[in-house]
Amino acid sequence: MPSKPKVIIVTGGAGFIGSHFVRYLINHTKNKVINLDKLTYSGSKNNIKDIYSSKRHHFIKGDISNEKTIKFILNEFKPNIVVNFAAETHVDNSIKNSYPFIKTNIIGTYNLLNLSKIYWESLEIKKKKQFRFLQVSTDEVFGDLKRTDQSFTENTKYDPSSPYSASKASADHIVRAFHRTYKFPINITNCSNNYGPNQHKEKLIPLIINNILHHQKLPVYGKGLQIRDWLYVEDHVEAIWRIILKGKIGETYLIGGNNEKKNIFIVNLICDLLDQAYPSKKNNITSYKSLIKFVKDRPGHDFRYAINARKIFKEIKWKPRHSFEEGIKKTVNWYLKDFLKK
């Protein structure tokens, strides 16, 4: 007899990565999704408009910091799985004002975690064993690497550099402590830089694409030599689902794309792709590279992130489906098509 469909709470499910995860669940599983999102500036119902009306998708506008909201959702829908994407994520914003990051990423995560634990403790033994809480985190909790340093692993010590990464590190520690103290069934994932459709334009790749399409300057911090590992968002959400199905309770898994690129390389590549797909009609622009402007570097800017994803490859049998070349072309084409529709 086939197993009964699960009820999955996804927080931050109208944001960039969360919306792709919700879409993956609706399109590739038979599970019911309770999608909780605060709908701040970076979350939008437009991100889920194609699956919004699905009978298996239930959207609730709310804040993970609100105790009443979380209690209602847990008691009303009785989930088997909670996946926490809800977070403030932009480093520049955390430098300007760190409080929203503390409130959502630390206090909000604690509220969601603690109430989920109380709910879990009330379950009968069989349902208790089926329950899982997955915390979606970032590789930025590990700080930065020198060019010759070994990549991050699950055993790398935390050394966050920004208020954003410190808030995510704090949340990870609290989640891990709940497992060690209460045996609460958790997993933590730390991913590298994501990219793909529907990402907010404050992030590097959509920022550069958007500015090119509007013939605006392309700001690049320092000399653009910072190195990031890039992961296509659809590969990331598939990895998360595989961890939910096959991951060992209590374990952390690093999810990487094995695509280390300098920021300036990314900017130049996007210019090349759009020079070909959407050449400028302005006489003074023969290539969008002429719009590149190097600006003062971000305070405390990490130099390099790199993930060793050997553990998830070995234990979960997951690896990215998209090469960087394939993923960036799909991403640029999506933003260009969206731009031309307006």
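Just so it is clear, none of the values below were taken in a lab; they were calculated from the coordinates. Keep in mind that this is a model prediction, so the values were computed, not measured. Cβ coordinates were reconstructed from backbone atoms using ideal geometry, including for glycine residues, and neighbour counts include every protein chain displayed.
Provide the gained length on full extension for the span Phe303 to Gln130, in nm with one decimal, where the gain is 0.36 nm per separating residue minus the Cα-Cα distance.
Numbers: separation 173, 0.36 × 173 = 62.28 nm, distance 4.07 nm.
Answer, rounded to one decimal: 58.2 nm.
About the Cα centre of the chain, what is the dipole size in debye to 20, counting +1 per Lys and Arg Cβ and -1 per Asp and Glu Cβ, all else neutral? All intermediate terms of the calculation are to be shown ahead of the outcome.
Values: 57 positive and 31 negative charges, 174 e Å.
With only Lys, Arg, Asp and Glu charged at Cβ, the dipole is about 840 debye.
With a point put 7 Å past each Cα toward its Cβ, work out how far Ser122 is from Lys203 in nm, to one decimal.
It works out to 3.5 nm between the two label points.
Normalised by the empirical 2.2 N^0.38 Å for globular proteins, what value does the Cα Rg of segment 200-280 take? Numbers along the way, then the final one.
Numbers: Rg = 16.4 Å, N = 81, 2.2 N^0.38 = 11.7 Å.
Output field value: 1.40.
Per Stokes-Einstein, at 4 °C and 1.567 mPa s, what whole-number D in µm² s⁻¹ belongs to the chain, with the Kirkwood radius over Cα pairs as the hydrodynamic radius?
Values: Rh = 20.7 Å.
Estimated diffusion coefficient is 62 µm²/s.
Could you line up Lys61, Lys296, Lys6 from fewest to most neighbouring Cβ atoms inside 10 Å?
Numbers: Lys61 13, Lys296 8, Lys6 18.
Listed from fewest to most nearby Cβ atoms, that is Lys296, Lys61, Lys6.
Can you give the direction-averaged projected area of the convex hull of the alpha-carbon atoms in segment 229-318, in nm²?
On the way: hull surface 34.1 nm².
About 8.5 nm², averaged over all directions.
Based on the alpha carbons, how large is the Rg to Rh ratio for segment 146-278 when Rh follows Kirkwood? List each step's numbers first, then the result.
Numbers: Rg = 17.7 Å, Rh = 17.1 Å.
Expressed as Rg/Rh, it is 1.03.
Kirkwood hydrodynamic radius, computed over distinct alpha-carbon pairs, for segment 52-104: how many Å, to one decimal? Working shown, then result.
Working: mean 1/r = 0.0747 Å⁻¹.
Result for segment 52-104, one decimal place: 13.4 Å.
Calculate, in nm to one decimal, what Lys223 and Arg321 gain on full extension: separation in residues at 0.36 nm each, minus their alpha carbon distance. Provide the component values of the computation, followed by the final result.
Working: separation 98, 0.36 × 98 = 35.28 nm, distance 3.11 nm.
That works out to 32.2 nm of additional length.
Cα-Cα over 22 Å: which of Lys126/Lys246; Lys157/Lys296; Lys146/Lys319; Lys55/Lys117; Lys261/Lys341; Lys261/Lys293?
On the way: Lys126/Lys246 18 Å; Lys157/Lys296 29 Å; Lys146/Lys319 25 Å; Lys55/Lys117 28 Å; Lys261/Lys341 31 Å; Lys261/Lys293 19 Å.
As for pairs spanning more than 22 Å Cα to Cα, those are Lys157/Lys296; Lys146/Lys319; Lys55/Lys117; Lys261/Lys341.
Given R₀ = 45 Å, what would the calculated FRET efficiency be for Arg310 paired with Asp50, taking r from the Cβ atoms and rounding to 0.05?
Efficiency, rounded to the nearest 0.05: 0.80.
Could you calculate the FRET efficiency of Thr181 with Asp275 from 1/(1 + (r/R0)^6), where r is the beta carbon distance between them and R0 is 56 Å, rounded to 0.05?
Values: r = 56 Å, r/R0 = 0.99.
FRET efficiency, Thr181 to Asp275: 0.50.
Less than 12 Å Cβ to Cβ from Leu25, Lys/Arg counted +1 and Asp/Glu -1: what total charge do the surrounding residues give?
Details: positive: Lys6, Arg23, Lys30, Lys32, Arg56; negative: Glu238.
For residues surrounding Leu25, the net value is +4.
If I stretch the segment between Lys296 and Lys146 completely, what's the gain in nm (0.36 nm per residue apart, minus their alpha carbon distance), one decimal? Mind showing how you got there, number by number?
On the way: separation 150, 0.36 × 150 = 54.00 nm, distance 2.05 nm.
Separation in residues times 0.36 nm, less the Cα-Cα distance, equals 52.0 nm.
Answer with one residue from Ser165, Val10, Asn105: the one whose Cα lies farthest towards the positive end of the charge dipole of the chain, charges on Cβ with Lys, Arg +1 and Asp, Glu -1.
It is Val10, whose Cα lies furthest towards the positive end.
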